[in-house]
Amino acid sequence: MLPAFAEKIIPAPPSVTLTEGGTVVSGRGSFECGSRVTVDMKVCCRSGISAVVMRVFPDVLEPGDGADPGPVYTDLPFEFTGGDGICSEYRLVLDTEAICGDRGSGLFFYEYLFLRGADTLFSSSCDNVHFTLSETGGTKFRLLIYEKGFDVPDTGCGIMYHIFVDRFFRGDDPGASYGAGARLRPPSVWKRGIPSFAAVRGDETDNLDFYGGNLEGIREKLGYLKSLGVTMIYLSPVFSAPSNHKYDTSDYTVIDSGFGGRPAFDALLRDAKEQGIGVILDGVFNHTGADSVYFDAEHRHGPGAESEDSTFHSWYRFGKEYKNGYESWWDIRILPRLRTDLPEVRDFFTAQDGIAARYIAGGASGWRLDVADELPDEFLEELRKSVKKANSGALIIGEVWENAADKVAYGRRRKYFRGRQLDSVMNYPLRRALIRYATDGCAGALAAELTEIYSSYPPAVCDALMNIVGTHDTARILSCLGDPAGAAAAESETDNRKLASMRLTPEQRRIGIERLKAVSVIQYTVYGFPCVYYGDETGMEGMADPFCRAPMKWESDADAELLAHYRRLGGIRRSEPSLAGGSFRVVRADGGYIEYEREKGGRRLTVAVNLDDGPAVCRASGFELYSGTEVKRPMIGQRGFALIVRTPRKGEGE
């Protein structure tokens, strides 16, 4: 008989196995509506647990609280299936269609209850897969059920390359022309160019300094991109706009003349397609420029949208309650916000002959949607319909900075991955986790983030995640990894002159490059596809916007070893089948050492990365892809890594 105080002892959590159709899916938390998921629980008899229940909560948002599920729940008891005197076994068959009801999809939260006499123990999720037990409950698991037939384009072993057009390459295009007020820098300043900036961070600047990068320049550099293994180019906005960044659209129907206009755009699409490279466009559909054919603040095309006589008056909100007299994105004067809740505004973008479908029909491969959190559900759903009708293989990626499975924006739960809106998102949670791992050496936190993301999204979405470590909105990854303290301080620095002058010391740069090599190995080998921000592969530095947008450092000025590393990773990724939709599982996270597996068709790739202070032993043996040698339980040195393939034995695989 157990002593009386044993009742208050919290036992180790039971083991849980999820299967679907005979396949183990324990690392998943998102399923197609109609699937039946078997949950098997093995409970130690000494724990005193005599019954198990899954308590499922619908996603009811409380007023003023957009994160917690409401108080209504359904209890689903497990069935006792046997035991051996040491462990008792329980089973529950989860019917996702019954949980969803007529809705056909939904977000739910759940917890396990373990009954032992008069006591009840509750699960508390650590990473949406693993859990601990407590007497009071804790973090609940997410359960995302998506619609039947939700289909996401297969990105395979793809690699994306993100280009800020004006800063990439100045191609020979005599047809390129700039608008009034533009300041075109001479070619001689390309290598030492620092983007123009306001004295104080956040103050307004005209962004009219141009370095001459254009679409012809990208076309001329397709061979370079091909050498990196690139299969997708993501372009910063290319539509007509006054600024160098083009997020202040003047006319969605016109390709900017400074970039070469429509002829250069069509030539790029044509030649990229011949090289097996798709082109993803940046869709800035939440706001226009003030100096546009729509808002027309300068009255170049008529009375301007503030006039009730304007065709576009209803497209915007005007009033004294707004800082500029009209609603604008983050109160930025030059970015008046569109009323995307209105059918006529939505139709302009999302109708079958609208902007989104029109460019897809013209040869673009997909859209990255700027500030997706600010676009209403109806807008995203209508856009998906028209884009997929134009090309079912077109990719729709949203700019979402948090976990998109349960994202709440402006008090409303978003439905990105229920089956009617997005295919993918920019994986900002991974970026943050990788930087933390590289700078503090805690593999456990990275493992938890990787596990949580993988379990939160539909499997096809995981395979299509846009894995970033740098973007046009963030500090250069090399600066973040080489000088973590400086990068952290820069986030609150307001003096742009200081930010413009920040550079790594030779020692910081050496360490930063070593860390970047390790981080990029993870970026290239976890689920999803890597997206390289132009110049990261050549060793560019710089703090956040605008200093992360300097002219491209080309091969003659690049860090040759780092560039060779990216080319090596590109070759491995393009040829390794386990990276095209293979399963993912963290095997070990100990100190600064992480080891995980990708597996497909019996072929298993083990990835080991060590950012610990000392060496670590990898448990895998086989062919190491990066070095091209056979290895047996290799020692991984500080800031080292290994990619080891174990080929299937006879009879294994598909």
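Go through GLU111, GLU97, GLU147 for me and flag whichever is within 28 Å of the chain's Cα centre (by Cα), in contact (Cβ under 8 Å) with a residue 12 or more places away in the chain and closer than 18 Å to GLU20 by Cα.
Step by step, each of GLU111, GLU97, GLU147 is checked, and only GLU147 is within 28 Å of the chain's Cα centre (by Cα), in contact (Cβ under 8 Å) with a residue 12 or more places away in the chain and closer than 18 Å to GLU20 by Cα.
Looking only at the range 139-150, count every residue that is open to solvent by 30 Å² or more (accessible area, probe 1.4 Å) and either of a type in the set (Gly, Ala, Ser) or touching a Cys at 6+ places or on another chain (Cβ under 7 Å) (or both) and tell me the total.
Counting residues in the range 139-150 that are open to solvent by 30 Å² or more (accessible area, probe 1.4 Å) and either of a type in the set (Gly, Ala, Ser) or touching a Cys at 6+ places or on another chain (Cβ under 7 Å) (or both) gives 3.
Consider VAL238 carefully, then state whether it is closer than 28 Å to LEU215 by Cα, touching a helix residue (DSSP H, G or I) at 6+ places or on another chain (Cβ under 8 Å) and open to solvent by 50 Å² or more (accessible area, probe 1.4 Å).
no
Starting from residues that are farther than 16 Å from MET160 by Cα and among the small types (Gly, Ala, Ser), keep the ones in the range 547-580 and report whichever is modelled with the lowest pLDDT.
Across the range 547-580, the extreme among qualifying residues is SER556.
With respect to ALA305, determine if the residue is surrounded by 23 or more Cβ atoms within 10 Å (Cβ to Cβ), at pLDDT 95 or above and over 30 Å from ASP266 (Cβ atoms).
Answer is yes for this residue.
Could you check how many residues of the range 121-140 are at pLDDT 95 or above, farther than 15 Å from VAL56 by Cβ and of a type in the set (Gly, Ala, Ser)?
Matching residues across the range 121-140 total 1.
In the range 339-373, what count of residues is obtained for those that are open to solvent by less than 20 Å² (accessible area, probe 1.4 Å) and among the acidic types (Asp, Glu)?
The total comes to 1.
On the given criteria, is ASP341 of a type in the set (Asp, Glu) and within 25 Å of HIS245 (Cα to Cα)?
no
How many residues does the range 603-623 hold that are within 28 Å of the chain's Cα centre (by Cα) and under 26 Å from CYS462 (Cβ atoms)?
Residues flagged as within 28 Å of the chain's Cα centre (by Cα) and under 26 Å from CYS462 (Cβ atoms) within the range 603-623 amount to 9.
Could you list, in sequence order, all residues of the range 87-121 that are in contact with a strand residue (DSSP E or B) (Cβ under 7 Å, 6 or more places away or on another chain) and more than 16 Å from VAL39 (Cβ to Cβ)?
CYS100, SER105, GLY106, LEU107, LEU115, THR120, LEU121, listed by residue number.
Out of the residues in the range 97-127 that are under 22 Å from ALA51 (Cα atoms) and among the polar types (S, T, N, Q), which is most open to solvent (accessible area, probe 1.4 Å)?
Ranking the qualifying residues of the range 97-127, first place goes to THR120.
Please count how many residues of the range 465-496 are in a loop (DSSP other than H, G, I, E, B), of a type outside the set (Val, Ile, Thr) and open to solvent by less than 10 Å² (accessible area, probe 1.4 Å).
So the answer is 4.
Does SER455 meet the test of being over 15 Å from the mean Cα position of the chain (by Cα) and either open to solvent by 20 Å² or more (accessible area, probe 1.4 Å) or farther than 21 Å from ALA438 by Cβ (or both)?
In short, no.
The values are calculated or read from the model by the stated rules, or taken from the named source; none is laboratory data. Here the structure is a predicted model, which means the values were calculated and not measured. Cβ sites come from the backbone with ideal geometry, for glycine too, and all protein chains shown count toward neighbours. Remember, those area values only see protein heavy atoms, side chains included, never the ligands or the DNA or RNA. Shrake-Rupley method; radii C 1.70, N 1.55, O 1.52, S 1.80 Å.
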